[in-house]
Amino acid sequence: MATQQDLQDLLRLLTVTRKTPMMQAMAQVKALQGVGLRSIPEIAQAPLATVQSAINDDKAAKALHNACRAWLKRNSSTSPTQTAAGGKHAGSDATGSSSKRPRTEFVLGEPPQMTPQELERSLELPICTDEERISKTVIETNRAPLVLAFAVELLRYTMPEQPLSSRLSLAQAVVSANSRSKAVSIGLEKGPSADEEGWAEGQPRVTIMGRTIAVLKRGGYRWQGEETVGEDGKTGEQTGQGEGEQAKTQESQAETETQASSATLAHEPTRNKPAWSVSQPISLKDSTFVARAIHMADPSQRRALIQSLLEDNPKLKTATHNAWAYRVRPSEGSPNQRIREESFDDGETGCGDLMLRVMREAGAVDTLVVLTRWFGGTLLGPDRWRLMRNCVAGALSERLRVTGAGVTLGGEALWGLDLETARAKATVGGYGSGTRQHTVTGVVGMPIHQPESARRYLLRSFASAPAEEASGEGSDGSTTQSPKKAKTLKAIEEEKEQNLGLLLGALRIVFDSWADHVSAAELDKRAWGWYVAVRPAVESGLAGWGAKGLVRLRDILALRRKAQQKGS
């Protein structure tokens, strides 16, 4: 009997390998099931006439039959587990070995058979921040994949709590919405979008590059980066000497304080001194973070509470930063009934605003939070936002006795919803049965933008510009482009992957230069303008739809914050 995995593999073969539109693929799957063919091996081993009886187009039926036979042959040498899972992963090496990178599937939104850490590693993208190479590189591409690259890298800074799988899905949702708007403006599409028709009714939304998209919470998906939490072990960067030993000691001390505070909370204190709830300490690259939360009914209590905290925990005085934030209800009868908020970074840029944002998301009021960091000497980039958020959320969870379900969009992983696919599937027979229902995928009945598809799109979209064009106007003549000569398919694919790494590296340099100087909302707002400034020039209207042009990566580097460019 065919399994859900068999269905996933068959759909993947049709939509990814055979490039069959999803709606048509679903119709073919149903037709194949009607003649008893429910998996790739069954189709491969069946007579061609049986496949042709299900697929009306003889040419398409033969191509599908051959594709299934090739799939079966390719996977015949793998282990039974690998064969059942559908063969090698799209990111495997050129020899077909899947041992270096675990395989994952998203066709029907089913949970991957791997840990979140393995899943995220399987989706890793190339990155190169060598400014000399970047400045000499000119790529040829169209606009859509450039938007995708901008959005994926931007989300590392504006939504750092999102894993790479989510960033790819969300970024693809932005591309899809932007492409449809463009199609409508030039007359390729008519009528309201699926979103305008209400297909995202009731779903939460986020704004990315100025465009609001509908999202789906990935319930139960727990991911963290390379950091270690609590007693789970040493950080990967610790060597047992210097800063590593210091961070290890700080983590142990913070853990002891966590346990002591938890014990205090478990038994009602008999003394007057207030009890703080403490998050688990989180360490990464020799830096350690820990947060504490306490009830505070009046802003005037803030100074005394923090002073008492430092006296009771002298080690906190050795920390690099002790930032704080509070939210307090107005007193009864007060003319101003707005919740009073205040924060202090203590040198940890942007920390106070982040703490207030997490507190708002959790609905925390009459609460003071102190976030402590021991800096280990290595800059963490956007990872620090995720670590700080997790610490603050942990302290509030202990204080408020709530789980992630009590937070709106306060850090859980998200999918970008594919609303146009949802609408299209509900209007055809079979799974949609011609009714307005979202029953195609296993993701709460709604299709999502698949991260693997977005990743493949990025990997194949950035070719090197022809040498004569790359060294054209405004160039110093020094580029990484090769003279005209025949290239193998493998060499072209490798070149595209290198170009993607250089493009993402250029974007990371730009976003890094701004991240600590503007808010996440402002960074998101500016990102679209930056994209417009460097996007390839194409003809307007229908003539430019899908057309390619040149992008000089040095133009992206020029978007850096000016002080950064001067080295100050």
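The value obtained for the range 301-358, namely the Cα convex hull volume divided by the number of residues, is 95 Å³ per residue. The order of the peptides 516-526, 451-461 by mean Cβ neighbours within 10 Å, most packed first, is 451-461, 516-526. Computed from the C-beta positions of Ser181 and Ala558 and an R0 of 35 Å, the FRET efficiency is 0.80 to the nearest 0.05. Per residue, the convex hull spanned by the alpha carbons of the range 4-74 comes to 75 Å³. Cα-based values for the range 277-403, radius of gyration first and Dmax second, are 14.3, 50 Å.
Residue separation of Glu131 and Thr320 scaled by 0.36 nm, minus their Cα-Cα distance, works out to 64.9 nm of gained length. Residue ranges 151-162, 133-144, 187-198 sort as 151-162, 133-144, 187-198 when ordered by packing (mean number of other C-beta atoms within 10 Å per residue, highest first). Stretching Glu522 away from Asn66 to a fully extended chain increases their span by 159.0 nm, per 0.36 nm per residue minus the current alpha-carbon distance. Please go through the residue pairs Lys19/Lys62; Lys190/Lys548; Lys30/Lys73; Lys30/Lys425; Lys496/Lys548; Lys136/Lys490 and name each one whose alpha carbons sit more than 18 Å apart in this structure. From Lys19/Lys62; Lys190/Lys548; Lys30/Lys73; Lys30/Lys425; Lys496/Lys548; Lys136/Lys490, over 18 Å: Lys190/Lys548; Lys30/Lys73; Lys136/Lys490.
The phi-based Karplus calculation (6.51 cos²θ - 1.76 cosθ + 1.60; θ = phi - 60°) puts the 3J(HN,Hα) values of the range 496-513 at 4, 5, 5, 5, 4, x, 5, 5, 5, x, 4, 5, 5, 4, 5, 5, 4, 5 Hz, whole numbers, x for Gly and Pro. Scalar couplings 3J(HN,Hα) for the range 5-14, obtained by applying the Karplus form with A = 6.51, B = -1.76, C = 1.60 to θ = phi - 60°, are 5, 4, 5, 4, 4, 5, 5, 5, 4, 5 Hz; x denotes Gly and Pro. Accessible area of Cys68 (1.4 Å probe, protein heavy atoms only, ligands and nucleic acids ignored): about 0 Å².
Distance from the C-alpha centroid of the range 320-389 to that of the range 156-214: 30 Å, rounded to the whole angstrom.
Ellipsoid semi-axes for the range 333-376, based on the Cα gyration tensor and the rule √(5λ), read 25, 11, 9 Å when sorted largest first. Under 14 Å from a label point set 7 Å out along the Cα-to-Cβ vector of Ala31, the amide N atoms of the range 39-62 belong to 49-62.
The values are calculated or read from the model by the stated rules, or taken from the named source; none is laboratory data. Just so we're clear, the structure is a prediction, and the values are computed from it rather than from any experiment. We place every Cβ from the backbone using ideal geometry, glycine too, and count neighbours over all the protein chains shown. Protein only, heavy atoms only, side chains kept; ligands, DNA and RNA dropped before computing areas. Shrake-Rupley method; radii C 1.70, N 1.55, O 1.52, S 1.80 Å.
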